[in-house]
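> Okay, here's the structure, questions in a sec.
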Amino acid sequence: MRRLILVFLALAFAFVAQKTRAQGGPPMITDDPGTPGNGHWENNLAIAFEHRSNEWSIDTPQIDLNYGWGDHIQLNLQTAPTILKRSDHGAVGGLGGTELAVKWRFLDEERSGLDMSTYPRVSFNIFQSSVRRGLSDDGTRFRLPLEIAKKFGRLELNPEVGALLTTVGRSEWLYGIVVGTELTKTTSVMAELHGTSRTNFTRDVLVVNVGWRHKLNEHCIWIASLGHEVRAPADESLALIGYCGVQLLY
């Protein structure tokens, strides 16, 4: 665990000598303060999976639609048809959880020295059968995060911190940090630490994640990531997570 964190920090410091930009948002878990711009769309279509011992959960596809309402507001809708396969029964499928969100970037680095936004999100189930079949979590969940992007010379860090509130079960904290670098004019890579913990700092989960973006043309970017949990509650196995898709800009 400690060795993985040290490797992540070493990568971050290695990026100082290279040109970087904010790297949160798909395919990473941590979000950044960026918005699409007035009247522009930024839509992400991907296959995402989570694999634990004796279980696969696959979103096919994961749909993430974003619209810029002015230069500082982003409207977001996310949902996904989900397939769940456990070793003790056959595959089941249906619609997973659905999310609605609004991002407001209230500070710009050009004027204030850093970018900062808040990104309230509500997650709910359109079909309760999805909960009974294990495709989504029960109840309504509210995510109240704060995102920051700040340049330090050629290095730009993108941390996020916030609260996860739920009508069923215990509420949690969320936190994450992403750093990235452009390898070429069309390709960039990212590294991420992302975690959640109950508000009493128990049952914490920590993910180490790496990702990349490759610009195919002016309107299409290939985005992908692969990560692994390095810490999870004792009654859960560590998960392997992955994401591969395209970002469409217009």
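The values are calculated or read from the model by the stated rules, or taken from the named source; none is laboratory data. This one's a predicted model, so the numbers in the text were calculated from it and none came from an experiment. In this analysis, Cβ positions are derived from the backbone assuming ideal geometry, glycine residues included, and neighbour counts consider all displayed protein chains. Areas reflect the complete protein model, heavy atoms only, side chains present, ligands, DNA and RNA absent. Shrake-Rupley method; radii C 1.70, N 1.55, O 1.52, S 1.80 Å.
> Examine the stretch 101-116 for a residue that is open to solvent by 50 Å² or more (accessible area, probe 1.4 Å) and under 25 Å from ILE221 (Cα atoms), and state whether such a residue exists.
For the stretch 101-116, residues open to solvent by 50 Å² or more (accessible area, probe 1.4 Å) and under 25 Å from ILE221 (Cα atoms): present.
> Considering each of GLU110, GLU99 in turn, give the residue that is among the acidic types (Asp, Glu) and not in a strand (DSSP E or B). Write out each step before concluding.
Numbers: GLU99 fails: not in a strand (DSSP E or B).
Selected residue: GLU110, the only one of GLU110, GLU99 that is among the acidic types (Asp, Glu) and not in a strand (DSSP E or B).
> GLU192 - would you say it is modelled with pLDDT of 95 or more, of a type in the set (D, E, K, R) and either open to solvent by less than 60 Å² (accessible area, probe 1.4 Å) or at negative phi (or both)? It would help to see each step written out before you state the result.
Numbers: modelled with pLDDT of 95 or more: yes; of a type in the set (D, E, K, R): yes; either open to solvent by less than 60 Å² (accessible area, probe 1.4 Å) or at negative phi (or both): yes.
Yes.
> Mind listing whichever residues of the stretch 207-250 are touching a residue at least 60 places away in the same chain (Cβ under 8 Å), farther than 30 Å from GLY37 by Cα, open to solvent by less than 20 Å² (accessible area, probe 1.4 Å) and not small (Gly, Ala, Ser)?
Matches in the stretch 207-250: VAL207 only.
> Looking at (1) open to solvent by 50 Å² or more (accessible area, probe 1.4 Å); (2) closer than 22 Å to SER225 by Cα; (3) touching a strand residue (DSSP E or B) at 6+ places or on another chain (Cβ under 7 Å), which is the one condition that is false for LYS185?
So the condition that LYS185 fails would be (3).
> State whether the residues of the stretch 59-70 include one that is open to solvent by less than 50 Å² (accessible area, probe 1.4 Å), outside any strand (DSSP E or B) and at pLDDT 95 or above.
yes
> Moving on. I want to confirm something. Restricting to the stretch 136-176 and keeping residues that are under 15 Å from ASN200 (Cα atoms) and charged (D, E, K, R), which single residue is surrounded by the most Cβ atoms within 10 Å (Cβ to Cβ)?
Looking at the filtered set, the residue picked out is GLU172.
> Show the residue pairs meeting these rules: Cβ distance below 8 Å; 6+ apart or different chains; first residue within the stretch 112-136 and over 23 Å from LEU174 (Cβ atoms); second residue of a type in the set (D, E, K, R) and not in a loop (DSSP other than H, G, I, E, B).
Hits for this filter: GLY113/LYS150.
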